[in-house]
Amino acid sequence: MILDGKCPSGPIEKTWDKHRFDMKLVNPANKRKFKVLMVGTGLAGAAGAASLGELGYNVEAFCYQDSPRRAHSIAAQGGINAAKNYPNDGDSIYRLFYDTIKGGDFRAREADVWRLAQVSNNIIDQCVAQGVPFARDYAGYLDNRSFGGAQVSRTFYARGQTGQQLLLGAYQALARQINAGSVKMFARREMLDLVVVDGVARGIICRNLVNGEIETYWGDAVCLATGGYVNVFYLSTNAMGCSVTAQWKAAKKGAYFANPCYTQIHPTCIPQSGDHQSKLTLMSESLRNDGRCWVPKKKEDCGKPVSEIPDEARDYYLERKYPSFGNLAPRDIASRAAKEQCDDGRGVGPGGRGVYLDFASSINRLGEDKIRERYGNLFQMYEKITDENAYKVPMRMYPAPHYSMGGLWVDYNLQSNIPGLFVLGEANFSVHGANRLGASALMQGLADGYFVIPYTIADYLARITPGTIKDDHPAFKAAKAEVEANTKRLIGINGKKTVTEFHRSLGKIMWENVGMARNEASLKYALEEIPKLREEFWQNVKVTGSGAELNQQLENAGRVADFLEFGELFARDALHRKESCGGHFRTEYQSEDGEAMRDDENFCYVGAWEYKGVNKEPELHKEPLKFENVHLAVRSYK
Amino acid sequence: MSHAASNHETMTLKIFAWRQKNAQEKGRFEQYTAKNIIPEMSFLEMIDVLNEDLIAQGIDPIVFDNDCREGICGTCGMVVNGVPHGPEDLVTSCQLHMRRFKDGDSIYLEPWRAKAFPIIRDLVVDRTAMDKLIESGGYISAHTGGVPDGNAIPVSKPDADTGMDAAECIGCGACVAACPNGSAMLFVGAKVTHLASYPQGRIEAAQRVCDMTDTMVKLGFGNCSNHYECEAACPKGISVRFIAKLNREYIKAKICG
Ligand SMILES: Cc1cc2nc3c(=O)[nH]c(=O)nc-3n(C[C@H](O)[C@H](O)[C@H](O)COP(=O)(O)OP(=O)(O)OC[C@H]3O[C@@H](n4cnc5c(N)ncnc54)[C@H](O)[C@@H]3O)c2cc1C
Ligand code: SF4
Ligand code: FES
């Protein structure tokens, strides 16, 4: 099937404004008759729930943590982009649009990206009005810095805690609506199924994580803002609870999963220190503004103290290979470059799995105080984890799974192929293409939540009658029974291996065969191994306790069970895409100097998969991508 | 180069963990042995290792809250040897590392204890009261859309810095747990200061401080009697001067309001 993204036509500059005018509106007096479920209250969900509540809709919001303030968005450090051009360095909406399309390796929709760039400026204004403590200069104006993949300073930040501050802003806006009674918040709830009646999304099934009860909620529309899935790799920079569960359950109910193989491997993470490790820690990309990446030129030097390796014996490989972007080369490129150095035997630190990120020359130039002011908390965090002082010795870095560019397929209105099911933020596939530039996920989450969904959901709601199906409908009972049976089944297996052991095994298969570099053989191998592991899981997993209490083993078991199905789709998508683009690197498709080789002739489309059952081949649907404003070109940062 | 003390010698620790099945049941300490612990592990990874071992023995693992494991989400929190978040200054439990401990050490694990935080299970408590505080006024009432350009509201650098210092609070609740009175003054003081530091937040400042203070009393948080245990326990180094600021704002609101 050819999918239609329903992008508005006409000159790109006018698309969003024209579309906003063309969409239907809901009369203010009628808004309260509609109930919207918002699953997930990170940046996208909290902003969405707050804005919809403010407009007058009845909103019910859900998250698995004890409070919306803890969503994973809180962890974002570096910053958020906007095309304000405050520094007067040549930025514009068009340039942000252009950089994002190019950065995503021409695998995103033009109209969606345009809209993102256009509303980016409103986001900053909105957050300032909420009291988000963005960095200021001495005149009292907003300060900026640069991120990878851009030559302008368009990144707004709040020390190294931008995500935290943006989320607290959205959370406070949400708290205000909870107080006003327009939003009802359900924390410690995990969505375990989507209820679809006659092809339309009508509600969700949740587990109350405190008492184990399975609860049903109906809504006139369901929004998923449940974040990303890179924990399929086991070790990643994501929070422990991040999962694919909500997306996957929706996929099993018919929502198409787009571009699952596009995942971002972030170049600047603290290297793994041992097998015990439960997660990896990201060091913000903003560090590359002042840190220089290098490895010793000679393998023999790798074990030597830095002071014994003179400048001429160091290979500043990013500056060498990409002179115009240097250390600020985009993430996929910087990650592969780091891996290449380590594979070549010139990595540093335990197991040779690390490259240096060196601040010595910046400290010489600017002084330690300036560096402390810019990145103090990051240096502190690094020291806490590694016991090393990065003002004295360079940091060691290694790439780690970080962000999912793939997600549920949505049209221009953020609506999935299931009417009434909307998907926001990292959970959808929309704007990043095959690679996400730094500081643009926060932007997307807030754009979707504050400035897109409030308009586009109205167009849907205006066409339906509110409250036609409630949770006394048999479809809710059936879905609830299924969730209960699944819980029982997990607890009943009582096998020998823990949930974590399975997750770790899956992660190993994924990282080694479907990770930073893949090829036909490794992918085929993964496609054999994952179903075997899944089979073993359902025979041999051990989940302690019962379903009628707070049971973290059970929660994790459910999440890993979903990863075990989703991982296969991920590998299948990577296998079918016989090209290299952005975060998807197939070793068979590279140029002589190791750069990714896209195949626009055959793969310039979004690949959206329709679930057909466990152990059955999913069906691929394509949405062709058209580039009318930015010309398809080889992506070069040289 | 001074590499981390990468001694891979393993430690064995005696863990006394608070076990409590739910809010109704009585709790007690249980003794366990954590084996194969290495200095590079985080404190929560140590519990993971212990839990895997308990599961293998058919014992229910110790339940604790955690998510980001980066010291930023505020989810984790336990009292380690009598100190919220453990013995190291300015870190959350998830960022405490085992290099702080020695082979053979005994470690006591307890949940946050405060009237406003009922125990849910083991080390997990219900901190909904903190959300209720924010809901009672810890925000600026800005509507989505229709706001002025960001640079139209300049903020002086010192004010911006004070606001940011206060805004760093992660809402973990250690301050409440550390306080003999179970007071939430540090948490509320941080929020009030954060928002009052900016012109756009000043307008509602008086209303905000009154509403949040009233709510604090209603929810069963105690009063501040200047013990400063909160500041000592706070993983983000939130300063008690924000409590003074809260008091000033409160008095100002009461006198002028
Ligand atoms: C360490 C780190 C640093 C980053 N730094 C930056 C940066 O500097 N700039 C930038 O632009 N981006 C950054 N990112 C990326 C960015 O933070 C995320 O992509 C973005 O915040 C995702 O927001 P979200 O609202 O889509 O999802 P999240 O914030 O992940 O929210 C997901 C929500 O869904 C809920 N949820 C999930 N599953 C379920 C379920 N089954 N049932 C109920 N609720 C559920 C959760 O409780 C949560 O409320 C960073 C990411 C990481 C990991
Ligand atoms: S003030 Fe400190 S201890 Fe209290 S909640 Fe905030 S971060 Fe935690
Ligand atoms: S788990 Fe997030 S602060 Fe510790």
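Just so you know, all these numbers are worked out from the coordinates, no wet-lab data involved. Remember, predicted model here, so these are calculated numbers, not experimental data. For neighbour counting, all protein chains shown are included, and Cβ atoms are generated from backbone atoms with ideal geometry for every residue, glycine included.
The table for this structure:
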read-out	value
Potential extension, A:R463-A:S546 segment - 0.36 nm per residue separation minus Cα distance	25.5 nm
Pairwise label distance in nanometres, A:N494 with B:D149, each label 7 Å out on the Cα-Cβ vector	7.0
Computed [θ] at 222 nm, helices only, for chain B once each DSSP H run of length n ≥ 4 contributes -39500 (n - 2.57)	-10000 deg cm²/dmol
Nearest 10 degrees, 0 to 90: helix A:552-576 Cα axis against chain A principal axis	70
Lysine-lysine proximity count for segment A:463-568, Cα under 23 Å, sequence distance 8 or more or distinct chains	18
A:R20-A:K470 pseudo-label distance in nm [points 7 Å out on the Cα-to-Cβ vector]	3.7
Stretch gain in nm, segment A:Y98-A:D311, where the contour uses 0.36 nm per residue and the Cα spacing is subtracted	73.0 nm
Cα centroid separation - segment A:217-284 against segment A:340-368, whole Å	28
Cβ-based net charge around A:A71, under 12 Å, with every Lys or Arg adding one and every Asp or Glu removing one	-1
Farthest toward positive dipole pole in chain A [+1 Lys/Arg, -1 Asp/Glu at C-beta], among A:S324, A:Q172, A:W511	A:Q172
Rg/Rg_globular for chain A, with Rg_globular taken as 2.2 N^0.38 Å and Rg from C-alpha atoms	0.92
Cα-based reach from B:K254 at 17 Å (exclusive), listing aspartates and glutamates while leaving out same-chain residues under 8 positions away	B:E204, B:D211, B:D214
Degrees between helix A:474-493 axis and first principal axis of chain A (Cα, 0 to 90, nearest 10)	50
In degrees, nearest ten, helix A:110-130 long axis to first principal axis of chain A (Cα)	90
For B:38-48, mean number of other protein chain Cβ atoms within 10 Å	4
Set of aspartates and glutamates near A:K392 by C-alpha distance (under 12 Å), chain-local residues within fewer than 8 positions excluded	A:D358, A:E368, A:E383
Subset of A:K18/A:K253; A:K384/B:K191; A:K18/A:K626 violating a 21 Å alpha-carbon distance limit	A:K18/A:K253; A:K384/B:K191
Alpha-carbon centroids, segment A:142-156 and segment A:586-624: separation in whole Å	32
Label point at B:N223 placed 7 Å out along Cα→Cβ; residues across segment B:178-196 whose backbone nitrogen lies under 20 Å	B:178-190
FRET efficiency, 1/(1 + (r/R0)^6) with R0 22 Å, evaluated for A:D600 and A:S636 via beta carbons	0.90
Efficiency of FRET between B:D161 and A:L366 - r from beta-carbon atoms, R0 25 angstrom, step 0.05	0.85
Local electrostatic count at A:A47 - Lys and Arg +1, Asp and Glu -1, tallied over other residues with Cβ under 12 Å	-2
Average beta carbon contacts from partner chains per residue of B:91-99, 10 Å cutoff	2
Formal net charge of residues neighbouring A:A447 (Cβ-Cβ distance under 11 Å; K, R +1; D, E -1)	-1
Base-10 log of normalised Debye intensity for segment B:39-88 (one unit scatterer per alpha-carbon) at q = 0.12, 0.17, 0.31, 0.32 Å⁻¹	-0.29, -0.58, -1.22, -1.23
Peptides A:419-427, A:557-565, A:620-628 ordered by average Cβ neighbours within 10 Å, highest first	A:419-427, A:557-565, A:620-628
Dipole axis of chain A (+1 Lys, Arg; -1 Asp, Glu on Cβ), positive-most option in A:G613, A:S273, A:F147	A:G613
Shielding by partners - mean other protein chain Cβ count within 10 Å, residues of A:236-249	2
Extension reserve of the A:H576-A:W538 stretch, reckoned as 0.36 nm per residue once the Cα distance is removed	10.9 nm
Theoretical ellipticity at 222 nm over chain A - DSSP helices of four or more residues, -39500 (n - 2.57) apiece, nearest 500	-11000 deg cm²/dmol
Inter-site label distance for A:K612 and A:R320 at 7 Å from Cα along Cβ, in nm	4.9
